[in-house]
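The values are calculated or read from the model by the stated rules, or taken from the named source; none is laboratory data. Just so we're clear, the structure is a prediction, and the values are computed from it rather than from any experiment. FYI the Cβ positions are ideal-geometry reconstructions off the backbone, even for glycines, and counts take in every protein chain you see.
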Protein chains: 2
Amino acid sequence: MVNRNIIDRLGKLRRKMESLGIDYFLIPTADYHNSEYVAPYFQTRHYFSGFSGSNGTLVVGMEEAGLWTDGRYFIQAGKELEGTGIDLYREMEEGVPTVSEWLADRMPQNGTLGFDGGCLNVRQVRNLRKKLAFKKVRFVSQYDPAEGIWTDRPALPAHPAFVLGEEYSGESTGSKLARLRKKMLQAGAQVYVESKLDNLMWLFNLRGGDVECTPVALSFGLVTMDRQVLFIQDREVTEKIRAYADSIGLELQPYESVSAFLEDPEIYRRAAARGGTADAGKAAADDDQEDCRVFFDPGSLSIRLWNAFTKGREAAGIKSRTHYDLEKRSPVEDFKAAKNETELKNIRAAYRDDSAAVCRFLYWLHKHVENGTVDSLTEYTAAEKMDSLRTEIRDFIDLSFGTISAYGPNAAMMHYSAKKDDCAKLRPEGMLLVDCGGQYLRGTTDVTRTMALGPVTEDMRRHYTLTAVGNLQLLDAVFLYGCTGRNVDILARQPLWSTFVDYKCGTGHGIGYLLGVHEGPQNIRWRFSEGMAEAVLEPGMIVSDEPGVYIEGEYGIRIETILEVVEAAKNGDGRFLCFSPLTFVPLDPALIDPAFLTPQTRGVLNRYHARVYAEIAPLLNEEERRWLREQTAAI
Amino acid sequence: MVNRNIIDRLGKLRRKMESLGIDYFLIPTADYHNSEYVAPYFQTRHYFSGFSGSNGTLVVGMEEAGLWTDGRYFIQAGKELEGTGIDLYREMEEGVPTVSEWLADRMPQNGTLGFDGGCLNVRQVRNLRKKLAFKKVRFVSQYDPAEGIWTDRPALPAHPAFVLGEEYSGESTGSKLARLRKKMLQAGAQVYVESKLDNLMWLFNLRGGDVECTPVALSFGLVTMDRQVLFIQDREVTEKIRAYADSIGLELQPYESVSAFLEDPEIYRRAAARGGTADAGKAAADDDQEDCRVFFDPGSLSIRLWNAFTKGREAAGIKSRTHYDLEKRSPVEDFKAAKNETELKNIRAAYRDDSAAVCRFLYWLHKHVENGTVDSLTEYTAAEKMDSLRTEIRDFIDLSFGTISAYGPNAAMMHYSAKKDDCAKLRPEGMLLVDCGGQYLRGTTDVTRTMALGPVTEDMRRHYTLTAVGNLQLLDAVFLYGCTGRNVDILARQPLWSTFVDYKCGTGHGIGYLLGVHEGPQNIRWRFSEGMAEAVLEPGMIVSDEPGVYIEGEYGIRIETILEVVEAAKNGDGRFLCFSPLTFVPLDPALIDPAFLTPQTRGVLNRYHARVYAEIAPLLNEEERRWLREQTAAI
């Protein structure tokens, strides 16, 4: 079977490449902001390949094309690429070349690589440059591959932005800017350029609706010692936004003008004159030249914006030198991750309401099991029920991601998505995994529970129990300040590793406040790939705790509880931190085999369940409450 | 009280500094090889400060002087520096500046810093250069501060070296060199320069006697594709060594000639012509210039040797460029750490004999307790007994470090050293900590046990038990290939951290084969300071497992068992590793409070004790065996 659509699109792209003298075109999954999820406008890789997964890189040559994606999507990509002539490259599998290795092998000497400079970040381009240097490859970054070809391309999203009041944000933009400028001074930077949407939303206390499930507005930002500029589409700027911007001295500029704006030498002349090294320590003062260092994150800023500010600064007569700029994770990333007291108060309340909705859903399922009507449900209708319960919460804005409702073998796929007319029917046996969350004015939630719908096998109970032990061991951890997620990860994995089982993903991720459901810089993982943030766990940080077992073709288990990092004790031996749960949803006692529960974790489980009942019972009706009491009874 | 000796020595040094135009002189604790323990010849820092600890940095200015040391030595340094006018800087304490911060603060603009270029490594010098750049400090590295002042300085040690036969080393030098050259080729390096003594001994299957407790010979090494050179003092070269060197094509050159030798341009011309990039991949072939890249470890190679080879290579007309050389941990470091089958067989046997000696010592102590004669012993006589039992082992060569025998509050000092006429008498109560090890032809050992000499407090038993739980949890770990010591460290610390107690040191270190009792690159720690090696745990690596509790002024507990990394299982989820104990010495049942023992660790303990009995009983006499059976009875 030949996929005419895709072959036709690739043909057009190849003619375009030919006319531009481009040998290979690299098309990542990215917008101009290095977002995890991209708006339809940016789904160029999907358009040219037909592969619809959330992660993948397409490379198109004149005679061949390849698509790289990760383990979550091997099966799906295999199906979707059929008949397109595009080869699938399974990332991280033995013997499979990376994109840059593949290009290093295929590119002709003195060849030309094309990509959209707005969609590749500085680090990615530098890595490619390094890997392809020996072939003296020329990079052409000014073309959008879809332009002139993708005629029915969706418009750039432009939903009205809104202001997040201080009763939700807990800190004014003025205070946030003052903290940022202090960090800039300490680092010796006069200019700060930001393109990460969640960082910009947090900094300016704004939210938007341009990315599904993530309430952000497409924008860029520039901060100097006396100036703060937000680049945002006019169509998104309401009267309220304009008034708010005026009130805090925030300059609004058109989204499209960012490159031209950054090319203006006046910015750098003014920033250099205004200074920024007064308190900057000695590092910045090692010569007498006028300084204009830019603070940016090479892992998120596009090469297009880097080119723009480099051009502008050079035009200002300020020389760029190696290791001159402050190229690292933005301080905003760290500010944002450690939630303030107002945010925490809101988050705790949101999680209570969200947990109650999940408990109601579990009760609803339980009734179906009890009444023998499980067969009347599908994965999709179960997800619908869950979503409708969440929608009722007073400050609900959106889901924080598409609800995963996966029955039986489907749950072994970590990112399974049930479609209305293509999903499994539930049956009164085995397990259903539901992973879901919401966006509220009071924060962003995420939770996973796996439950029995009837009889289950010994293996299922054993694996569920070992997963629970890992989940509870991490929840119960006490650790010294200075630990990262790498230090504690093994607490969640150890029960499974001891039986030679692993889950092929991280144990936990950070979560935003009415922002991304995946947020850095903290992460709970046992190893970090290059460039992945590894941050010290700080009080006020939110992390997920989600070990699991995934047996291909059989079943999947995940238990995800969200934790807040809190102070535990301080003494001569140091400052100890621990976790406090935000999620209050019972684990399924029907899936727990006490034989695999250590006495210590039994205690942790019973205390957690007692807390679940105390927190959630007041939010339930009488029969739901009775059910919750049974579910949370001491084991 | 004024310390005339030290004041007099510092006065002489200051006059020397004045005549040389040096503002500050930096005197680390180091030899020319970045060794952990240095021969008396190199104890210049001790000579000028009076501080006798194994780690410290002295900085002398015209009007002031400071000494930096770590937590193990705060009390001792405070005493020893009294009356010297030298200020003590407690490393890692809040508000205490580092050496470079202190220098950055004190050095005059355009000032001069002196240090012996043979005793500071490339990384240290670069860091200093970076930190002091803003003051445009000049570095003077050609003077040994002690020269002309330290008149009764001990001679450079020069004990005869000896060949370690293949029945011990398990691999010929030829095979080791071939492995090294393959790594050089892969990395694109033509020249390899080595100054770490243990790496050199391992590579050339030699041992020496120049450093107490560490059987190494002072030496440097140079390896190219067709040449291997060892720089060693003539006085150390026996007939046997010379014959051996001839037989394997090893060129011997005088130790003192290394700098002059490395300055010879011919080395680099020849190496560049001979090549070494044939298989080197593309990275090395990115231009047409003649290549002569040097592989060296900037964390151990002295700036003196770096200057020498840089000068020589430049004289050969080969331009040095940034990021040109291969500056990283030597591959030898990794080869050496993963012991081969011959080494492992020997090590296992050596640990069995060594463990039996420790068991006999414990039995001897037990008899004293039983007979009520504990009072007749001191820390020192107990250590003497332990050492004499170890000396009886057939291939014993030396202790692997001075035996630590610490009673009561003395055990709270991790590196306490009892002196014959200045040590505590033992009493029939509380705990004695003994940490000791030996150098054998069959390997290097290390072990710590803490035992009750009579009644102990509840706190002592609780802390001992929590330490034991941590020790056993780590021993029982299963982990995926790719984990470093950072991943597993929390298994040992968690029981203590849960009660807000920490030990201020790593959990475990690597151990050499008839080499250093502390050997990298693997380490079990929860955090790593900058430049500290963090290596993946590989099968055949040896690590210590030594959690502890140290209550200042009261008592100290440490339980140290040595572990071998072994394969556990391989399946679709990955390659799992685990540990197998090498040390077979019982824990003290009198110190274990079952109330704090988790059922899981109780099982691990009972299995371990059963194994101790099985391994050691055949090596004991009847009454010792009876005692061991009691000590290892299931709890």
Scanning segment B:499-511 for residues that are within 21 Å of B:D70 (Cα to Cα) and facing chain A (nearest Cβ under 7 Å), the one surrounded by the most Cβ atoms within 10 Å (Cβ to Cβ) turns out to be B:V501
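Each row is one residue, and each column tells you yes or no for (1) out of contact with any strand residue (DSSP E or B) (no Cβ under 8 Å at 6 or more places or on another chain); (2) assigned to a loop (DSSP other than H, G, I, E, B).
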{"site": "B:I7", "(1), (2)": "yes, no"}
{"site": "B:V38", "(1), (2)": "no, yes"}
{"site": "B:F48", "(1), (2)": "no, no"}
{"site": "B:F51", "(1), (2)": "no, yes"}
{"site": "B:S54", "(1), (2)": "yes, yes"}
From the option list A:T444, A:T448, single residue qualifying as under 25 Å from A:G603 (Cα atoms), away from chain B (no Cβ under 14 Å) and at pLDDT 95 or above is A:T448
Here the qualifying pairs (Cβ atoms under 9 Å; residues six or more apart or on different chains; first in segment A:383-397 and more than 17 Å from A:L426 (Cα to Cα); second among the hydrophobic types (A, V, I, L, M, F, W, C) and assigned to a strand (DSSP E or B)) come out as A:D387/A:L399; A:D387/A:C436; A:R390/A:F396; A:R390/A:L399; A:R390/A:C436; A:T391/A:L399
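For segment A:173-194, check the following and say yes or no: at least one residue is of a type in the set (G, A, S), surrounded by fewer than 18 Cβ atoms within 10 Å (Cβ to Cβ) and in contact (Cβ under 8 Å) with a residue 40 or more places away in the chain.
Checking segment A:173-194: at least one residue is of a type in the set (G, A, S), surrounded by fewer than 18 Cβ atoms within 10 Å (Cβ to Cβ) and in contact (Cβ under 8 Å) with a residue 40 or more places away in the chain.
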- Message: It is to be established whether one or more residues within segment B:451-470 are of a type outside the set (D, E), assigned by TED's automatic domain parsing to the domain that holds B:V517 and under 21 Å from the mean Cα position of the chain (by Cα).
- Response: no
Condition set outside any strand (DSSP E or B) and in contact (Cβ under 8 Å) with a residue 40 or more places away in the chain, scope segment B:554-572, selection nearest to the other protein chains (Cβ to nearest Cβ): answer is B:E554
(1) in contact with a helix residue (DSSP H, G or I) (Cβ under 9 Å, 6 or more places away or on another chain); (2) at pLDDT below 95; (3) closer than 24 Å to A:R329 by Cβ all hold for A:V122 apart from (2)
Looking at this structure, is A:Y407 over 24 Å from A:P581 (Cα atoms), among the aromatic types (F, W, Y) and not assigned by TED's automatic domain parsing to the domain that holds A:P589? no
Restricting attention to segment A:473-498, the residues that are more than 8 Å from chain B (Cβ to nearest Cβ), under 22 Å from B:Y481 (Cβ atoms) and surrounded by fewer than 22 Cβ atoms within 10 Å (Cβ to Cβ) number exactly 1
Next on the checklist: So, A:T214, is that one in contact with a strand residue (DSSP E or B) (Cβ under 9 Å, 6 or more places away or on another chain), more than 19 Å from A:A158 (Cα to Cα) and of a type in the set (S, T, N, Q) or not?
Outcome noted: no
Scanning segment A:128-151 for residues that are assigned to a helix (DSSP H, G or I) and either in contact (Cβ under 8 Å) with a residue 12 or more places away in the chain or not assigned by TED's automatic domain parsing to the domain that holds A:I22 (or both), the one surrounded by the most Cβ atoms within 10 Å (Cβ to Cβ) turns out to be A:L128
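Every residue, every condition in (1) more than 22 Å from B:L365 (Cα to Cα); (2) at pLDDT below 95; (3) away from every other protein chain (no Cβ under 14 Å), yes or no:
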| position | (1), (2), (3) |
| --- | --- |
| B:S580 | yes, no, yes |
| B:F584 | no, no, yes |
| B:D588 | no, no, yes |
| B:Q600 | yes, yes, no |
| B:N621 | no, no, yes |
Residue hits (segment B:461-472; out of contact with any Pro (no Cβ under 9 Å at 6 or more places or on another chain), away from chain A (no Cβ under 14 Å) and crowded, with 22+ Cβ neighbours inside 10 Å) are B:Y464
Only one of (1) under 22 Å from B:L301 (Cβ atoms); (2) among the small types (G, A, S); (3) under 26 Å from the mean Cα position of the chain (by Cα) does not apply to B:G114, and that is (3)
Checked A:G317, A:G312 against criteria (outside the structural domain of A:G437 (by TED's automatic domain parsing) and at positive phi); the one match is A:G317
Per the filter on segment A:392-431, residues of a type outside the set (A, V, I, L, M, F, W, C) and touching a helix residue (DSSP H, G or I) at 6+ places or on another chain (Cβ under 6 Å) are A:T403, A:S405, A:Y407, A:H415, A:Y416, A:K420, A:P428, A:G430
Wholly inside segment A:304-398, helices (runs of 4 or more DSSP H) that include 3 or more residues that are more than 30 Å from A:L537 (Cβ to Cβ) and polar (S, T, N, Q) are A:379-391
In the set B:G470, B:G482, the lone residue that is assigned to a helix (DSSP H, G or I) and either on the phi > 0 side of the Ramachandran plot or touching a Leu at 6+ places or on another chain (Cβ under 7 Å) (or both) is B:G470
Scanning segment B:9-22 residue by residue, those in a helix (DSSP H, G or I) and in contact (Cβ under 8 Å) with a residue 60 or more places away in the chain turn out to be B:R9, B:L10, B:K12, B:L13, B:K16, B:M17, B:L20
If we take segment B:411-455, then strands (runs of 3 or more DSSP E) inside it with 3 or more residues that are closer than 14 Å to B:Y555 by Cβ are B:431-436, B:447-452
Some residue of segment B:527-544 being within 14 Å of chain A (Cβ to nearest Cβ) and surrounded by 19 or more Cβ atoms within 10 Å (Cβ to Cβ) | yes
Here the qualifying pairs (Cβ atoms under 6 Å; residues six or more apart or on different chains; first in segment B:518-535 and under 22 Å from B:A477 (Cα atoms); second assigned to a loop (DSSP other than H, G, I, E, B) and of a type in the set (V, I, T)) come out as B:E519/B:I511; B:I524/B:T507
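Any residue at all in segment B:512-519 that is assigned to a loop (DSSP other than H, G, I, E, B), more than 12 Å from every other protein chain (Cβ to nearest Cβ), surrounded by fewer than 18 Cβ atoms within 10 Å (Cβ to Cβ) and in contact with an Asp or Glu (Cβ under 8 Å, 6 or more places away or on another chain)? Before you say what the answer is, go through the steps one by one.
The initial filter retains those residues of segment B:512-519 that are assigned to a loop (DSSP other than H, G, I, E, B), namely B:512-518.
Narrowing further to those that are more than 12 Å from every other protein chain (Cβ to nearest Cβ): B:512-518.
From what's left, surrounded by fewer than 18 Cβ atoms within 10 Å (Cβ to Cβ): none.
No, the conditions are met nowhere in segment B:512-519.
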B:D87 fails exactly one of (1) closer than 21 Å to B:G516 by Cβ; (2) of a type in the set (D, E); (3) part of a strand (DSSP E or B), namely (1)
Those residues of segment B:367-387 that are touching a Phe, Trp or Tyr at 6+ places or on another chain (Cβ under 9 Å) and of a type outside the set (A, V, I, L, M) come to a total of 4
Worksheet item: Does segment B:512-532 contain any residue that is touching a helix residue (DSSP H, G or I) at 6+ places or on another chain (Cβ under 7 Å) and hydroxyl-bearing (S, T, Y)?
Response: yes
